Each structure stands twice: as C-alpha cells, then as structure tokens.
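As structure tokens, the structure follows; a few thoughts come after it.
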Amino acid sequence: MDNLLTFFERWIQLKSTNQCIKAGQILCFLGFGGSGALAIVSAVKGVPLAVEWSAGNSVVLSLVAGVIGVILLVIGAFIPPQSAKSTLVTLMGIPGVSTNVPDKAVGKPYSLYNPRHYNFSLNKLDPVAMVGKLNNYCRHLVDDQIINDSKNGKVFFAGLARVPCLFAIGTMFRSSAVDVEPLERFRNPDKWARLKLFKGAENKYACDGSPQELVSSCGQIGIAISLTDEISTGQLPDDIRDHCMSIKLTPMCKREAISTLHNLHDFSKKFQKLLDECSRVANTIHLFVCAQSSAVFEMGRVYQEGMHCRVLIHNFTPGEGYTWAIEIDKGSLRYIGNSGDSLLNSS
C-alpha cells in the first residue's frame with residue numbers, strides 16, 4: 001500500500017518534468033485508449049473478417065504499448081534519473097539542537113527519491129576531539145565515499161556547528177567535480193531549506209583596511225567578517241587588533257543576511273579575492289567570522305591550499321572571547337588552544 005501511495009505521489013509531482021514518466025503516460029493513453037476503441041470496433045456485427053482480424057492484432061499491439069507505458073511509469077517513479085540523485089551531508093555540533101534534517105529540505109525532485117544520508121555529529125565533544133574527528137573520520141569519508149562516488153549526483157550540506165568546524169568541512173568539498181549546495185536553517189519559519197534560486201537584491205559590503213597596510217612585521221593579518229552580527233574591535237585578540245581588516249554587511253548586519261544562491265556566490269567570490277590578496281603579503285591569515293552556516297561552509301570551499309597561505313579560523317565563546325582556533329595548513333587540521341599564550345604565536 002505504501003509503495004502504491006509513493007507511486008501516485010511521485011507520478012503527480014513529476015508527470016510534467018520526468019521524461020520517463022512523460023513517455024509512459026503517452027504510451028498508456030495511446031495503448032489502453034486505442035485498444036479499447038479497437039475492441040469496440042471489432043465487436044461490431046457485420047465487420048468483414050479481414051478487418052476484424054486486423055483490428056484484433058491492433059488491440060494486442062495497443063495493449064503491449066500500454067504495458068510498456070506502465071513499466072516506464074514505474075521506472076520513472078522508483079528509479080531516480082541522474083539529475084535527481086542526491087546526497088545529504090549533515091554536520092551537527094551544537095548541544096541541544098535537533099540533528100534531524102528532513103528530506104524535503106533538499107526540494108523536488110531530489111526529496112522524492114530519498115537522498116542518501118551521511119550524518120556527522122560533533123555533539124558532546126570537546127574542541128580537541130572535534131578537530132580530531134574532522135581531521136580523520138570526516139575527511140576520509142568525504143574523500144573516499146562522497147566525493148569519489150560519481151553516482152551520488154548532487155550533494156547538499158546542512159550544518160549547525162562552531163564556525164571553525166563549518167569552515168574546515170567546507171575545505172573538504174573543494175572538488176569541482178561534485179555539485180555541492182549548502183542548505184540553511186531559517187528562523188521564520190523555523191525550517192531547513194535551500195537558498196532561493198532567483199537573483200534578488202544585491203548585498204553590499206563595507207571593507208576597511210588593505211592587506212599591504214595592515215600585515216604585521218611577522219607576516220600575520222586578520223580578517224573580521226560581520227554578516228549576521230557585528231564583530232567589535234574590542235572582541236578581537238590584542239595581538240591582531242591593529243592588523244585586522246573588516247568586512248561588514250551594509251547598512252547593517254542581520255540574521256539570514258544571505259538568502260539567495262546569487263548572494264552566496266557573490267560573497268564567496270569577494271572572500272576568495274580577499275584571500276588571494278592577503279596571501280600575497282602574509283604567511284598567516286586569522287579569520288574571525290560571524291555569519292550563517294551556509295556562508296561559512298562556502299568560505300571553506302574557496303580556500304585553496306598551495307595558493308592561499310596558512311589560515312587560523314577562530315572560535316568565539318560568549319563571555320570569554322576567542323579562545324581556540326583550527327589551523328588549516330598543508331592538507332591537515334590542527335587544534336590551536338589558548339592556554340595563557342597568544343593564539344597568534346602558535347606555529
């Protein structure tokens with residue numbers, strides 16, 4: 001019964017877009033409709049024998065066409081085409097937040113074919129253990145199964161975790177061979193969903209400072225990115241405060257600042273350009289980010305080892321400030337703690 005309901009649901013949803021279902025509908029209409037009409041004709045008295053014999057054969061052929069149409073409908077409903085295959089990767093690392101991301105969040109037609117799930121949980125882990133899991137288990141699973149499996153089709157990512165963790169897993173999806181799209185947890189209404197596909201209004205950003213002017217004598221520079229809330233100068237570590245650029249959404253920061261894929265791609269291009277410029281004059285970039293999860297993940301995706309220098313993504317702890325970071329350098333992740341020494345002096 002469940003399979004029958006699933007069949008009708010997918011048929012209704014995909015009848016105008018799925019080529020297999022569209023062909024099946026045509027064959028069913030011509031086959032069963034035509035066979036019914038021919039059966040009536042062949043049953044009429046007085047029809048010559050030759051005509052009746054021809055009509056009977058036509059009925060059989062029409063029934064065969066109808067059966068083929070039904071088979072195509074079933075194939076279209078239960079076997080996803082390459083364009084509808086998808087994988088849903090989730091990263092959850094905030095205690096008390098639901099780890100459930102429903103299939104419907106990926107939208108149609110992907111949600112109709114039950115995306116393949118990979119769930120990474122960082123809950124109940126301290127920062128050192130988080131970085132260890134990302135560096136080993138998560139990285140190997142992404143490289144060996146998700147990226148290299150060409151049958152997966154489109155990959156969706158949904159994450160609610162610490163900023164350094166979101167950035168770090170984003171770096172694992174840099175491959176241009178896979179189509180990756182981040183999902184967003186919207187607050188009004190409260191749901192997981194894709195960013196809007198239409199262009200929408202352009203976001204504007206104010207950028208203060210230049211890499212050439214702000215890089216320190218030892219080759220370090222900071223970038224404070226304020227999208228959902230503003231990062232004040234006083235929140236930054238003392239050693240980097242005077243060497244930190246600022247990028248802020250204007251005229252003011254707001255939740256869900258990035259609401260469309262166009263906004264996301266535009267922001268990621270600006271961030272990549274800034275990484276390029278900073279890497280020409282610095283050996284270490286310190287990132288301080290206040291942004292929604294989809295934006296942080298996409299920032300990680302544009303970071304290129306070999307082209308960009310060593311990066312430290314700092315974690316903000318309310319009431320304590322920036323207390324630890326994840327270092328990304330030479331293909332590995334490393335936890336950088338603050339045990340009384342400056343985070344900036346780590347090497």
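Read-outs throughout are calculated quantities, based only on the coordinates presented, and are distinct from any laboratory measurement. A quick note: this is a predicted structure, and the numbers were derived from the prediction, not measured. Quick reminder, even Gly has a Cβ in these numbers, built from the backbone with ideal geometry, and neighbours come from all protein chains shown.
The residues Lys199, Lys191, when put in order of fewest to most other Cβ atoms within 10 Å, stand as Lys199, Lys191. With neighbour counts taken as other beta-carbon atoms within 10 Å, the residues Glu298, Glu184 rank, fewest first, as Glu184, Glu298.
Taken along its principal axes, the alpha carbon cloud of the range 82-194 reaches lengths of 39, 35, 18 Å, longest axis first. Residues of the range 292-335 with an amide N closer than 16 Å to a point placed 7 Å from the Cα of Arg255 along the Cα-to-Cβ direction: 292-294. Exposure proxy for Met130, Met172: other Cβ atoms within 10 Å of each Cβ, ordered fewest to most, give Met172, Met130.
Which of Phe167, Ala257, Pro237 sits closest to the plus end of the dipole of the range 146-287, meaning its Cα is farthest towards the positive end, when Lys and Arg get +1 and Asp and Glu get -1 on the C-beta? Value computed over the given set: Ala257. Taking N as the residue count of the range 204-339, its C-alpha radius of gyration divided by 2.2 N^0.38 Å amounts to 0.99.
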